[in-house]
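To keep things clear, I will list the structure first and then write my remarks on it.
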């Protein structure tokens, strides 16, 4: 079974750093991209960016470029989403998803991780 | 304000049919494939439709997708209470160089 398992919920203070993880299993981790998607409380889905685990090439949404860092360690089939200085507005659920992509025009997300709730509060 | 426009909510009775629209432009839906995702309360999104109208294995044929011009539509027949969820469309936004989602539609099965 293809599965993405994310790290657990985090509670942080503004200004702190954080890295959350997403471990893939049941498929060749380097055969597809991994994307991260944000869902703020009571809101919709927002695409943050994607990484090709085979060479760690990354591509960010303009809305998130410079605010987060996406990385991967293919040796342990794990992708990461990282912040260097959290803000209260980063409070959200973050999902990773396997991105099957034939081109920018033709792609889909399947499966999704279970989500990681990040709470940033003083 | 989402790039793709979906109705905030739709409702129908059990056993009935409902459609959810997703409206965009030539820089997104008009020239790219559309996928649809179901998010049951308190859970992660799940792929329902890809390549405009294809269903992954395990997704019942009660769910269908179509695309015409700059709009896409998700159809659900034989509604069940278990279909109550938020539904999102997604595609590539060429002008933004980013994946774009609709704002989501909450389905209520009365």
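The values are calculated or read from the model by the stated rules, or taken from the named source; none is laboratory data. Computed from a predicted structure; not experimentally measured. Cβ atoms come from the backbone with ideal geometry, glycine included; neighbour counts cover every protein chain shown.
Numbers below:
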item: The one condition in (1) in contact (Cβ under 8 Å) with a residue 24 or more places away in the chain; (2) in a loop (DSSP other than H, G, I, E, B); (3) closer than 20 Å to residue A:101 by Cβ that residue B:36 fails to fulfil; result: (2)
item: Among the candidates A:77, A:85, A:105, residue that is more than 11 Å from chain B (Cβ to nearest Cβ) and either under 18 Å from residue A:24 (Cα atoms) or in contact with a helix residue (DSSP H, G or I) (Cβ under 9 Å, 6 or more places away or on another chain) (or both); result: A:77
item: Matching entry among B:93, B:78 (being closer than 19 Å to residue A:99 by Cβ and more than 8 Å from chain A (Cβ to nearest Cβ)); result: B:93
item: Residue that is nearest to the other protein chains (Cβ to nearest Cβ), among those in segment B:1-11 that are part of a strand (DSSP E or B) and surrounded by 13 or more Cβ atoms within 10 Å (Cβ to Cβ); result: B:4
item: Residue satisfying all of: in segment B:67-81; part of a strand (DSSP E or B) and in contact with a helix residue (DSSP H, G or I) (Cβ under 9 Å, 6 or more places away or on another chain); nearest to residue B:14 (Cα to Cα) among these; result: B:76
item: Output for segment B:44-55, where each listed residue is in a loop (DSSP other than H, G, I, E, B) and either at the interface with chain A (Cβ under 9 Å from one of its Cβ atoms) or within 11 Å of the chain's Cα centre (by Cα) (or both); result: B:44, B:45, B:51, B:52, B:53
item: Condition check for residue A:91: in contact with a strand residue (DSSP E or B) (Cβ under 6 Å, 6 or more places away or on another chain) and within 28 Å of residue B:95 (Cβ to Cβ); result: no
item: Residue selected from segment A:34-46 under the condition part of a strand (DSSP E or B) and within 11 Å of chain B (Cβ to nearest Cβ), by the criterion nearest to residue B:89 (Cα to Cα); result: A:45
item: Filter result for the condition that a residue is touching a strand residue (DSSP E or B) at 6+ places or on another chain (Cβ under 9 Å), part of a loop (DSSP other than H, G, I, E, B) and over 28 Å from residue A:2 (Cα atoms), over B:41, B:14; result: B:14
item: Options B:71, B:21, B:94: the member that is within 30 Å of residue A:60 (Cβ to Cβ), surrounded by 15 or more Cβ atoms within 10 Å (Cβ to Cβ) and modelled with pLDDT under 95; result: B:94
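Here is a yes/no grid of residues against (1) farther than 25 Å from residue A:50 by Cβ; (2) more than 10 Å from chain A (Cβ to nearest Cβ):
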{"residue": "B:24", "(1), (2)": "no, yes"}
{"residue": "B:36", "(1), (2)": "no, no"}
{"residue": "B:57", "(1), (2)": "no, yes"}
{"residue": "B:107", "(1), (2)": "yes, yes"}
